[in-house]
Structure formats: C-alpha cells, structure tokens
Amino acid sequence: DTGVSQDPRHKITKRGQNVTFRCDPISEHNRLYWYRQTLGQGPEFLTYFQNEAQLEKSRLLSDRFSAERPKGSFSTLEIQRTEQGDSAMYLCASSLEGATSGDTYEQYFGPGTRLTVT
Amino acid sequence: RKEVEQDPGPFNVPEGATVAFNCTYSNSASQSFFWYRQDCRKEPKLLMSVYSSGNEDGRFTAQLNRASQYISLLIRDSKLSDSATYLCVVNQNSRDNYGQNFVFGPGTRLSVLP
C-alpha cells in the first residue's frame, strides 16, 4: 500500500495525558498537512510542512500542540495535557510541490487517528 | 461569518435526479478551489478541482464565480453511489511565499434514494 498511512488508528486517553500520532506520507510527496475533524464539520487546517520546514500554523494550534517532520519524510503530532475538547479525528494529508509557490496539487488523505479523551 | 459556507443539507434525492451544491467563501485572496467527497467514517478524497472557466468531469460540473466568491457543484443523473458528504475547499495560498492554508467548508450531505 503506497498511500498515506497513520498510526494509531484509534487512541483513548485520559485527560491530562500526552499523546503522539504518526503520519507517513506518500514517499515522493514533500508537502504534508495536519487537520482536525469533528462530527458534522469539515476538516480544520492545523499545520503544513514543506519537506522538514513547518511553513504554516493555524491559530487553532495551541501551545499544547506540536508537530515535527525531522527528516522531511514522516511527521508526528503531539498533544500535551490532553483535554476533552481535543477529542476528534486527526487527519494527515500529503501532496506534491507545485512548480511555483502558487501551484497547488491534490492532497491525499490518510485514514486518520480517532482520539477520545475521557 | 465563516470563511467557507455551504448549503446546510442534507439533500435527499431520487436516483437520476440532478442536484446542485453551493459554496461561498469570504477571502477574496483565495486562489485555488476544490470539491472533495467524504464517505461516512472515511477520509476525504478529491472529486475535482474548480477552474475559473468552469469544468466538467462526466456527470459532475464545477463552476467558479470570483466576483461573487461563489462555487457550485452540479451532479447529473445521480447514482446511489454518489451518496456522501461533499466538501468545498478553498486554498488561500500566497504567491509571495510557500504558505498554504486550506479551508474546508462544513460539507453538504447527499443521500441518493432508490
């Protein structure tokens, strides 16, 4: 399977615990995105990497959230001191880089990690 | 006002019907537009990009009106398999840097009934 993969698929944690999710993008894609989706809503953009550089962060990404992509391949999203409001589906997507900064290619999404904070 | 708004839905239509979804966006600097489809408990998948001149892909037609900041999706001869949530997506990327900010609408759910 050469699509975007995410691990774990499901995570149940107690409030106050830290959690870390992993995303493996399609191998030739150098752009990687993280989103959060709650029931009945569209995905909300969290952050974006081009190679290892984190180029965009949403206001939604509080200081409890941190994302890394150390070698420009897989990425991790960590949530510290989880709160019940963090319960959501966390989606990762990847895409190719356009020839210019304005080019946008299709994003391929992974299956997501469903987080439940009790 | 939300950045991207869509028809609230759900839309329940019989097989063979034509259905249209509407989407409006608030940021006039938006440059790229897409329609994604999301099946229940699945990840979103690209249905089609939306070009300024409008574009068609089989039974699906997308239109963009930049002056009105409005995007539409028309599905003709709807099939049972078209049942899904349709997400309007706007990219506010800047041509001066590599920033990317994709904003998804809340989605409109379609149920095609036999």
Area projected by the alpha carbon convex hull of region B:1-104, averaged over all directions, nm²:
7.2
Under 5 Å between amide H atoms, partner at least 5 residues away or on a different chain: which partners does B:Met48 have, H built in plane at 1.01 Å?
B:Trp35
Per residue of region B:19-25, in order, report the coupling 6.51 cos²θ - 1.76 cosθ + 1.60 (Karplus, θ = phi - 60°) as ³J(HN,Hα) in whole Hz, putting x for Gly and Pro.
10, 10, 10, 10, 8, 10, 10
Tell me which lysines have Cα within less than 26 Å of B:Lys2's Cα, excluding those fewer than 8 residues away on the same chain?
A:Lys57, B:Lys42, B:Lys45
Which of A:Glu28, A:Glu97, A:Glu52 fluctuates most in a GNM of chain A (C-alpha springs under 10 Å)? That residue is A:Glu28
How big is the gap, in Å, between the Cα center of region A:1-43 and the Cα center of region B:62-92?
26
Above 21 Å lies some portion of the pair distances; for chain A, what is it as a whole percent of all C-alpha pairs?
33
Expressed as a whole percent, how much of the Cα-Cα distance distribution for the protein assembly as shown exceeds 31 Å?
22
Phi to ³J(HN,Hα) by Karplus 6.51 cos²θ - 1.76 cosθ + 1.60 over region A:90-96, Hz, x for Gly, Pro
9, 10, 10, 9, 9, 8, 6
Within chain B, what percent of beta bridges assigned by DSSP are antiparallel, to the nearest 5?
90
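A short reminder: the numbers here are calculations on the coordinates, not readings from a lab. None of the values given here were measured: they were computed from a predicted structure.
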